[in-house]
Amino acid sequence: MNTYKRIIPCIYLLNQKAVKGFGDRSIVSENPVELARFYGENNADELIVFDLSVTDAEHENAILMIKQMAQESQIPLTGAGNIKRMEDVKKLLYAGCRKALLNYSKEEDIALTREVSLKFGKERIAACIANASEIESNAATLTEYVEEIVLLNEKTIKQAIEISALPLVVTLPEVSLDKLIELLSYDRIAGITGQAVNENAREINDIKDLCAGNGVRIRTFEPAVKWEELKKNSDGHIPVVVQDFRTSEVLMVAYMNEEAYLTTLKTGRMTYFSRSRNELWVKGATSGHYQYVKEMTADCDKDTILARVSQIGAACHTGSYSCFFNEIMKKDYEETNPLKVFESVFQVIKDRKVHPKEGSYTNYLFDKGIDKILKKLGEEATEIVIAAKNPNPEEIKYEISDFLYHMMVLMVEKGVSWEEITQELARR
């Protein structure tokens, strides 16, 4: 296999707290969202969340918490637990999970595999297997409808390697580093999870370095452009232009020295060199407004770096999202960036709901309620169909615009953001 081996912590979620495991309900964190963020900050490749809730109400609360984890952790999530029907898989995926993990100790989950795989795609479905023998007995279903297997029983790893046609993520208790490297060296093993990862989360970067040094193909973000290849200024620094990866908005400009460059690559958090303080600084270390690296690119002369980041909070020390807000001059022009236009209109609609304006058609819709909003949305959808039959393409522009406006009213009414919509489209 040519894919990177993955280091995957897991969270066992019970009553909105993180507990130690299936058989040990002792609390390890009162704030599972914060724990998920911690794993992301320490460069975990993914995160598995097991929902151990019992009642429907607890399960709904767990789904909301998993949604927060997906947003805060900055790493892909696999959701598991309380899957009884396709709707439960849909809830996990819609909450932001990259995959849903079916429990193959339950016959109903095995029976559900084909349906959810065909509906959401094989790449969104994984199987949780207690023992290697279950792989053999379900081989045909697994091979056709499942992307990978999470193996719970470490005592059956070697048997699983021999019989599985699918990649294996193996659950490990505390093990030696030598044993960990040995297991990751097997082609069939795609990653490790369990207490061996959870208990050593602060050392994930060191574990990755050790694995890489022993020939294990692991994601360490080795730069394609070495520091020596970059053209530095007279002080030995290189300027970095920082951009929001979602909107392409320029957030700030800072400088890196070699240590800042290598630290950024290793940790995944933007780290700079302060010329005024003559020291390294991690953006957000004081404010919590971290910048998580999505992509770094050097320009044609290799004397400037463009960093595309996920910005937590504000980038500017003034509290402004971007440092670039002091207008020098501006010509009149129409913004045509679709995301910016949609977000601008969305924010106006959202403001109308909070601060009603007399005579506002938007407030009229909110006052009439969901049934009126849905009626108008249906009417506009019909108008699009009618306009599409018209040879003149101009008419359909207006009808689609009307539909999108009413759809945004519905989004505000139901508490759905454009970011959530674009994230879901990107996952598809």
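None of the figures in this text is laboratory data; all of them are computed from the coordinates on show. The structure displayed is predicted, hence computed values, not measured ones. Cβ coordinates were reconstructed from backbone atoms using ideal geometry, including for glycine residues, and neighbour counts include every protein chain displayed.
Taking 8 Å as the Cα distance limit and 6 or more residues as the minimum spacing, I'd like the relative contact order of segment 24-142 as a percentage. Mind dumping the intermediate values first?
Values: 163 pairs, mean separation 23.5, N = 119.
It rounds to 20 percent for segment 24-142.
Per residue of the chain, what 222 nm ellipticity follows from adding -39500 (n - 2.57) for every DSSP H run with n ≥ 4, rounded to the nearest 500? Could the numbers behind the result be given before it?
Values: 16 runs with 177 residues, N = 428.
Rounded to the nearest 500, the figure is -12500 deg cm²/dmol.
For the chain, set up a Gaussian network in which alpha carbons nearer than 10 Å are linked by springs, and say which option among Lys330, Lys283, Lys368 fluctuates the most.
Fluctuation is largest for Lys330.
When the chain is treated as a GNM, springs tying every alpha-carbon pair under 10 Å, which of Ser274, Ser176, Ser322 comes out with the largest mean-square fluctuation?
Result: Ser176 has the largest fluctuation of those listed.
Provide the percentage of antiparallel DSSP beta bridges, counting only those with both residues in the chain; round to the nearest 5.
Numbers: 23 of 57 bridges.
In the chain, approximately 40 percent of DSSP beta bridges are antiparallel ones.
Taking the chain as a Gaussian network, Cα atoms linked when under 10 Å apart, which of Asp187, Asp301, Asp45 shows the biggest mean-square fluctuation?
It is Asp301.
Express the C-alpha Rg of segment 264-372 as a ratio against the empirical globular expectation 2.2 N^0.38 Å, rounded to two decimals. Display every interim value, and only then the final one.
Working: Rg = 20.3 Å, N = 109, 2.2 N^0.38 = 13.1 Å.
The reported ratio for this selection is 1.55.
Would you pull out the residues with amide H under 5 Å of Glu46's amide H, same chain only if 5 or more places away, H placed 1.01 Å from N?
Ile7
Please tell me which of these pairs span more than 30 angstrom C-alpha to C-alpha: Lys179/Lys283; Lys20/Lys90; Lys17/Lys91; Lys5/Lys67; Lys340/Lys368?
Working: Lys179/Lys283 36 Å; Lys20/Lys90 27 Å; Lys17/Lys91 20 Å; Lys5/Lys67 25 Å; Lys340/Lys368 28 Å.
Check vs 30 Å cut-off fails for Lys179/Lys283.
Quick one: dipole size for the chain, taken about the Cα centre, charges +1 on Lys/Arg Cβ and -1 on Asp/Glu Cβ, in debye to the nearest 20. Working shown, then result.
Values: 54 positive and 66 negative charges, 31 e Å.
The calculation lands at about 140 debye.
Can you give the FRET efficiency to the nearest 0.05 for Thr286 and Thr336, using r as the Cβ-Cβ distance and R₀ = 35 Å?
Once the sixth-power term is evaluated, E becomes 0.40.
Which are the unpartnered cysteines of the chain, meaning those with no other cysteine Cβ under 4.7 Å from their Cβ?
If one checks each Cβ against the other cysteines of the chain, Cys10, Cys97, Cys128, Cys211, Cys300 turn up with nothing under 4.7 Å.
In cubic angstrom, how much convex hull volume per residue do the alpha carbon atoms of segment 274-334 span?
Working: hull volume 10.9 nm³, N = 61.
Cα convex hull per residue, to the nearest whole number: 179 Å³.
Please give every one of the lysines within straight-line cross-link reach of Lys372, meaning a C-alpha to C-alpha distance under 24 Å, and leave out same-chain neighbours fewer than 8 residues apart.
Lys350, Lys353, Lys357, Lys397, Lys414
Would you tally the net charge around Ile373, using a Cβ to Cβ cut-off of less than 12 Å, leaving Ile373 out, and scoring K and R as +1, D and E as -1?
Details: positive: Lys353, Lys368, Lys372, Lys375, Lys376, Lys414; negative: Asp367, Asp371, Glu379, Glu380, Glu413.
Neighbour charge sum, excluding Ile373 itself: +1.
Treat each spin label as a single point 7 Å out from the Cα along the C-beta direction, and report the Asn233 to Val253 distance in nm.
Here the modelled spin labels are 0.9 nm apart.
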